[in-house]
Amino acid sequence: MDALERLSTVEELRRLMARYVRYADHQRWQDLANLFTPDGTFTPHKPDGSVWLHMEGREGIAATVGASGGPGVTLVHHLFSDEIDVDSETDAHGVWAMEDIVTRPADAAVSEDIPFRGMHGFGHYHARFVKTNGTWHIAELKQTRLRLDFTT
């Protein structure tokens, strides 16, 4: 793989992650899930490093992340600096600094899985990508947290 192909791949992966956060903000859960491989995983962690949730497969991802949205919920995701390594023509991995804000209605139920009405989070996305049939997908996405601020 030459330098131009490598840079082209880096840009494709940046755009893939940009679609991921745009689909999240617009609550387009099935579109978001389709960015993953059919057996892809998404695992958000708490600031202490423990697993908050673990989702497997497109349908599992769409259903679980979709439960955090709904009428009256506002989602805002930002991606910042990225570190992308292209391992081969079909494999890559990267890390993105991120920030997210979730605002739920005042009457939204609070549960163990969603213990807030408002959340402001900071951390990183760690992604592993694979390219199949000419298209890059997320095979594994892990979200680590530096800080989570909740309002209830």
*Contour minus end-to-end for residue 120 and residue 151, with contour as 0.36 nm per residue of separation and end-to-end as the Cα-Cα distance?*
10.3 nm
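Can you give the FRET efficiency for residue 133 and residue 106, using 1/(1 + (r/R0)^6), R0 = 41 Å, r = Cβ-Cβ distance, to the nearest 0.05?
Plugging the Cβ-Cβ distance into 1/(1 + (r/R0)^6) gives 0.35.
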*Under a plain spin-label model, where a point goes 7 Å from the Cα along Cα-to-Cβ, how far apart in nm are residue 6 and residue 51?*
3.4
*Looking at 43, 27, 86, which one has the Cα that reaches farthest to the positive end of the dipole of the range 1-106 (charges on Cβ: Lys, Arg +1; Asp, Glu -1)?*
27
*Where nothing but the Cβ of Lys and Arg (+1) and of Asp and Glu (-1) is charged, how large is the charge dipole of the chain around its Cα centre, in debye to the nearest 20?*
440
_Histogram of C-alpha separations across the range 1-102, 5 Å bin width, %_ = 2, 11, 18, 23, 22, 13, 6, 3, 1, 0
*Rank by packing, highest mean first: peptides 130-143, 27-40, with packing defined as the count of other Cβ atoms within 10 Å averaged across residues.*
27-40, 130-143
*For the range 3-151, report the accessible area per residue in Å² (1.4 Å probe, heavy atoms, rounded to an integer).*
52
_Listed residue (54, 8, 71) projecting farthest to the positive dipole end of the chain, Cβ model_ = 71
*asked:* Along each principal axis of its Cα atoms, how long is the range 76-152 end to end? Whole angstroms, biggest number first, please.
replied: 48, 24, 19
*For the range 106-131 and the range 31-83, write down the distance between their C-alpha centroids in whole Å.*
7
*Which percent of the accessible area of the chain is formed by carbon and sulfur heavy atoms (probe 1.4 angstrom)?*
51
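The values are calculated or read from the model by the stated rules, or taken from the named source; none is laboratory data. Values in this document were obtained by computation on a predicted structure and should not be read as measured data. Here Cβ is always computed from backbone atoms with ideal geometry, including for glycine, and neighbour counts include all displayed protein chains. Side chains are part of the model used for accessible areas, which takes the heavy atoms of the whole protein and leaves out ligands, DNA and RNA. Shrake-Rupley method; radii C 1.70, N 1.55, O 1.52, S 1.80 Å.
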